[in-house]
Amino acid sequence: MNHWDAIWLNVNLATLDGQSGTDPYGSVEDGAVAMLDGRIAWVGPRAALPAGWRAQVEHDCRGGWLTPGLIDCHTHLVYAGSRAAEFEQRLQGVSYEEIARAGGGILSTVRATRAAGERDLLRQSSARLAALLAEGVTTVEIKSGYGLDTATESRILGVARQLAAACAVEVKTTFLGAHALPPEYAGHADDYIDLVCEEMLPAIHAAGLADAVDAFCEGIGFSPQQTARVFERARSLGLPVKLHADQLSDLGGAALAAQHGALSADHLEYSSQASVDAMARAGTVAVLLPGAYYFLRETRLPPVAALCAALVPMALATDCNPGTSPCTSLLLMMNMACTLFRLTPAEALAGVTLHAARALGLQDQAGRIAPGLRADLALWEIERPAELAYAFGANPCVGRYHADTAVGTPA
Ligand SMILES: [Zn+2]
């Protein structure tokens, strides 16, 4: 009884399932994928389809390639305003300190976001999300962190939830109250961490607005001790944690994250071998963010060879944010991961599917084309999967299918 809701035919598959040394894509040429009730029901070579199959919808993929829907596992997508004027000033020689003293930098985004109503936030964020979806993204993580008070942090996460309902995309929300010190707490970082742990986190958790908790552990962010307090509170509420770690200096952030069983440690330019080893032991995913590396003109590379040697899975994400990575292209991140960080195109594709799913705790739901997983798929007009990381500025996505849209619709 093989009666399916939909089937994809005349297609090559990069399943990212059962990868091997000779074929890191898990390829199936002239394959077929069938869906029932939003889940992948069958996958394999077309010649092996069971006799007598039927499907309500047949997608003719015209010889293209089907991959798992892409997963952007680290974004700050919901915010108001732009920092383009600041970008322009900096290129005219104005220093970051002068801009910050004049009220610029992250606090200008906090001001704009606090002032924005829900509808305005939704409108500005929808445009950024639409750009991601046009490139085959079916799951996106969205952090708060530009409110820095209970009401605005809740509003940001509420908008993230609304985007999921409005845009046929899976959204995982992350509370990032410990992103920066709000101006009203200047000089009182420990008091602000009290607020995060005792008021903001419990309120946001009670409202069901956060799927995970993040922090910015850095000289210009929060100390390892303050970060640990946030993590302990999150874990006491049963929420998984992740961390902006070792981006500008080595405070041992990735190791701290691993000690708390973090889903991921992100950035990692300054991570030590000890931190890499701790991540390997804990099963913490390394999320590399080449957009921020590029935009900040960083020269210190993340320890890619050490991560590979320790078998730490490497995910990639846009880090979409107004200050350090105003980027809405996961394909561009794949290209940059290859050109700047020397990943292979297959590692880059695994970084936005297989490993990005693990970074969100979704490894049993998404990130591969395999029976039982969500039927989140992207269809590409390409000759071989390496083209996804090779070209930049092009978008060969010709179909995006999200499990909740029943039979899927072309992009
Ligand atoms: Zn970030």
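Evaluate the charge dipole of the chain about its Cα centre and quote only its size in Debye, nearest 20, assuming +1 on the Cβ of each Lys and Arg and -1 on the Cβ of each Asp and Glu.
Working: 29 positive and 44 negative charges, 70 e Å.
The dipole of the chain has a size of about 340 debye.
Dipole of the chain computed with +1 at Lys/Arg Cβ and -1 at Asp/Glu Cβ about the Cα centre; of 316, 290, 393, farthest Cα towards the positive end is 393.
Under conditions of 37 °C and 0.692 mPa s, the range 223-355 yields 223 µm² s⁻¹ as its translational diffusion coefficient, taking Rh as the Kirkwood radius over Cα pairs in the Stokes-Einstein equation.
Can you give the calculated 222 nm mean residue ellipticity of the chain, where each DSSP H run of n ≥ 4 adds -39,500 (n - 2.57) and the sum is split over every residue, rounded to the nearest 500 deg cm²/dmol?
Details: 16 runs with 141 residues, N = 411.
Mean residue ellipticity, 222 nm, calculated: -9500 deg cm²/dmol.
Against the main long axis of the alpha-carbon atoms of the chain, helix 330-339 sits at an angle near 80°. Given a 1.4 Å probe and every protein chain left where it sits, what share in percent of the accessible area of the chain is carbon and sulfur? After summing per-atom areas, the C and S share lands at 52 percent. Take every Cα pair under 8 Å whose residues are at least 6 apart in sequence, average their separation, divide by the length of the range 145-208, and the relative contact order is 37 percent. Value of Rg to Rh for the range 323-381, rounded to two decimals, is 1.01; Kirkwood radius and Rg both from alpha-carbon coordinates.
Shape descriptor for the range 291-358: Rg over Rh equals 0.95 (Cα atoms; Rh from the Kirkwood inverse mean 1/r).
Diffusion coefficient of the range 1-145 by Stokes-Einstein, Kirkwood radius over Cα pairs, 25 °C, 0.890 mPa s: 128 µm²/s. On average, how much accessible surface per residue is there in the range 1-77, in Å², for a 1.4 Å probe, leaving out ligands, DNA and RNA? Value returned for the range 1-77: 43 Å² of accessible area per residue. Here the peptides 316-323, 50-57 are ranked by packing, the mean other Cβ count within 10 Å, and the order with the highest first is 316-323, 50-57. Per residue, the range 300-411 exposes 37 Å² of accessible surface when a 1.4 Å probe is rolled over the protein heavy atoms with every protein chain present.
All Cα-Cα distances of the range 275-411, cut into 5 Å bins from zero to the largest, leave 2, 10, 17, 21, 21, 15, 9, 4, 1, 0 percent in each bin in turn.
Among the trypsin sites (Lys or Arg not before Pro) in the range 273-343, those placed in a DSSP loop whose Cβ has at most 14 other Cβ atoms within 10 Å are 297, 300, 342. Qualifying chymotrypsin sites (Phe, Trp or Tyr not before Pro) in the range 338-411, where qualification requires a DSSP coil assignment and no more than 15 other C-beta atoms within 10 Å, comprise 392. Relative to the longest principal axis of the Cα atoms of the chain, helix 118-134 runs at roughly 40 degrees. Against the chain, whose longest principal axis comes from its Cα atoms, helix 150-167 is set at around 10 degrees.
Evaluate the Kirkwood expression for the hydrodynamic radius of the chain, namely the inverse of the mean inverse distance over all pairs of different C-alpha atoms, and round to one decimal in Å. Intermediate values should be presented prior to the final figure.
Values: mean 1/r = 0.0463 Å⁻¹.
It works out to 21.6 Å.
Packing around the peptides 205-215, 89-99, taken as the average count of other Cβ atoms within 10 Å per residue, puts them in this order, highest first: 205-215, 89-99.
The values are calculated or read from the model by the stated rules, or taken from the named source; none is laboratory data. Being a predicted model, the structure only gives us computed values, none of them experimental. In this analysis, Cβ positions are derived from the backbone assuming ideal geometry, glycine residues included, and neighbour counts consider all displayed protein chains. Quick note on the areas: whole protein, heavy atoms, side chains included, nothing else; ligands and nucleic acids left out. Shrake-Rupley method; radii C 1.70, N 1.55, O 1.52, S 1.80 Å.
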